[in-house]
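S.K.: Let me begin by handing over the structure; questions about it come next.
Since every read-out is calculated from the coordinates, none of them should be taken as a lab result. As the structure is a prediction and not an experimental result, all values here were calculated from the model. For neighbour counting, all protein chains shown are included, and Cβ atoms are generated from backbone atoms with ideal geometry for every residue, glycine included.
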Amino acid sequence: MSAVNPRRWWALVVLAAAQFMVIMDTSIIGVALPEMQRDLGFSQGDLQWVFNAYVVAFGGLLLLGGRLSDLLGARRVFTAGWAVLIAGSVVAAAATTAWAEIVGRAVQGVGGALIAPAAMTLLMILFSHDPKELGKALALYGAAAPAGGTAGVFLGGVFTEWLSWPWVFVIYVPIGLATLAATKVLPAVGSRRGGVDVLGAVAVTAGLALAVFAVVRAPEAGWGATSTVVQLAGAAALLGAFVVLQRVVRAPLMPLGIWRTPGLAPANAAMMLLGAAWIPMWYFLNLYLQQVLGYGAFASGAALLPMTVLLMVFMTTLTARLMGRFGPKKMIVGGLLVLAAGLVWLSAVESTGTFVVDVLPASLVAAAGMSLAYIPGLMSAMAGAPPEQVGLASGIVNTTYQVGSALGLAALTAVATSQGAGSPGNLPELTSGFSAAFLGAAGVAAVGAVLTALLMGRGQRGGEQAAESAESAEERRRETIG
């Protein structure tokens with residue numbers, strides 16, 4: 001049995017703060033996007049790269065971050081990740097051109113890809129001595145994610161409205177420096193020998209970035225244009241090369257045998273489509289509030305708070321209880337269908353609409369669907385994996401979600417642009433484009449529900465374990481409250 005670290009709960013505060021900040025980084029920029037577009041000269045279609053540059057780097061390098069954490073020591077990689085995130089934040093805050101902003105966001109994503117897996121490794125080291133303590137620690141760590149998303153929406157509005165949009169990045173500098181100073185409470189983890197599949201990491205990240213770029217440019221260049229075909233073929237070749245490398249290298253980022261884990265493939269498919277539906281909804285809802293309804297940055301952030309608060313409350317209280325009763329498959333299918341219903345409702349937005357009628361009820365329905373599906377999807381992906389591969393399964397499903405987010409946003413931006421969203425001054429056309437994106441996202445969520453219903457077997461051991469874990473988590477939560 002491993003020795004008990006007397007500073008483990010202080011260390012958990014640092015790790016939960018890291019999780020909070022990494023997730024906040026994906027939400028804090030939302031309400032600042034229109035201001036950034038005006039100041040930096042982004043086109044309506046290219047504006048998504050402020051989000052996707054982070055997601056592509058973060059999702060594409062998560063597995064590499066996990067491998068480096070194993071080899072170099074989790075605390076060392078955690079510290080390096082914060083240094084990189086601070087550097088990216090400085091670049092993003094100081095950017096005076098669109099390209100500089102994209103570079104800063106990509107560097108932030110690299111930092112996040114180092115921080116997230118190292119933080120999880122450190123948490124497991126700190127609390128592996130006691131399953132009950134581990135459950136409480138995981139619950140607190142997990143709650144930091146929706147809390148970060150909620151805080152990001154609010155703080156993004158505050159900074160953009162009363163300071164300026166660069167402050168959504170400046171905030172990471174003092175917090176990052178404070179976190180670096182606090183890393184002394186984290187356990188030191190020795191390094192060990194082993195190879196690093198750098199080529200695999202480059203191939204998967206470059207393939208994803210090229211695929212997103214091709215989809216973003218396709219409406220302007222044409223889907224049948226030589227440039228589009230070449231870019232998509234190049235992306236397929238790079239992703240294919242990644243798969244080949246995983247077969248032949250000595251220390252692959254993703255040993256392909258992991259895909260024999262019961263439930264892993266259908267859970268990852270569900271998570272990819274969940275990200276491809278949810279993130280575009282959040283992105284276009286921000287734009288609808290500001291570009292059509294005329295909300296300022298703070299008002300837009302406040303308008304999204306009911307949705308994000310409901311998401312946080314459901315994820316931390318209701319989802320585990322329902323999952324213990326109904327099991328992961330029904331939860332994922334039901335959650336995706338509820339999300340699809342909320343998105344269909346949102347697609348009815350009008351250029352003369354109001355927040356109370358056009359946004360609030362539909363966004364709450366969509367948030368309820370997201371909260372019902374997300375945790376069961378994560379747990380289903382990890383529950384069937386053997387203990388020595390749980391970390392790998394976690395990295396894969398998080399990567400899959402980020403990949404789905406990036407590709408979904410690229411594809412639905414193309415849909416929105418083709419339906420009129422490329423004309424910022426024309427409110428009816430803008431609304432028509434946003435409506436088409438919401439409807440497309442609803443279709444993606446519905447496809448996810450159908451695939452989950454067809455592919456995820458009721459008798460899979462992974463699903464049973466996930467349901468049992470959810471029941472245990474709910475019992476631990478009640479004990480903690482009591």
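S.K.: How many nm is it between the label spots at residue 223 and residue 180, if each spot is 7 Å from the Cα in line with the beta carbon?
M.R.: Those two pseudo-labels are separated by 4.8 nm.
S.K.: Among 244, 124, 420, flag the residue with its Cα farthest along the positive direction of the charge dipole of the chain, charges on Cβ as +1 for Lys/Arg and -1 for Asp/Glu.
M.R.: Selected residue: 124.
S.K.: Now a separate question. Any idea what the relative contact order of region 1-185 is, in percent, if you count C-alpha pairs under 8 Å spaced at least 6 apart?
M.R.: Details: 278 pairs, mean separation 69.9, N = 185.
38 percent.
S.K.: Across region 60-73, in residue order, what do the Karplus-derived ³J(HN,Hα) couplings come to in whole Hz, using 6.51 cos²θ - 1.76 cosθ + 1.60 with θ = phi - 60° and x for Gly and Pro?
M.R.: Values per residue, Gly and Pro as x: x, 10, 4, 5, 5, x, x, 5, 4, 4, 5, 7, 9, x Hz.
S.K.: Would you please give the residues with an amide H less than 5 Å from that of residue 293, counting only those at least 5 places away or on a separate chain, with H modeled from the backbone geometry?
M.R.: none
S.K.: Round to the nearest 10 and give me the degree value, 0 to 90, for the angle of helix 131-162's Cα axis relative to the longest principal axis of the chain.
M.R.: Long axis of 131-162 versus the principal axis of the chain: about 30 degrees.
S.K.: In the chain, how does Rg compare with the Kirkwood Rh, expressed as the Rg/Rh ratio over alpha carbon atoms? Before the final figure, lay out each step's value.
M.R.: Details: Rg = 21.2 Å, Rh = 22.5 Å.
Expressed as Rg/Rh, it is 0.94.
S.K.: Now, a different point. With a ≥ b ≥ c the root eigenvalues of the C-alpha gyration tensor of region 197-250, is it rounded (a/c under 1.5), prolate (a/b larger than b/c) or oblate? Present the calculation step by step, with values, prior to reporting the outcome.
M.R.: Details: a/c = 4.88, a/b = 2.72, b/c = 1.80.
Prolate, since a/c reaches 1.5 and a/b exceeds b/c.
S.K.: Students often check this: by mean Cβ neighbours within 10 Å, which of 62-73, 227-238 ranks highest, and how do the rest follow?
M.R.: Numbers: 62-73: 23.7, 227-238: 15.8.
In descending order of packing, they fall as 62-73, 227-238.
S.K.: Under 24 Å between alpha carbons, and skipping anything fewer than 8 positions from residue 184 in its own chain: which lysines qualify?
M.R.: Residue 184 reaches 136.
S.K.: Related question: Need the full-extension length gain, residue 124 to residue 96, defined as separation in residues times 0.36 nm minus the C-alpha distance. One decimal, nm. Don't skip to the end; give the middle numbers.
M.R.: Details: separation 28, 0.36 × 28 = 10.08 nm, distance 4.15 nm.
This chain segment gains 5.9 nm when fully extended.
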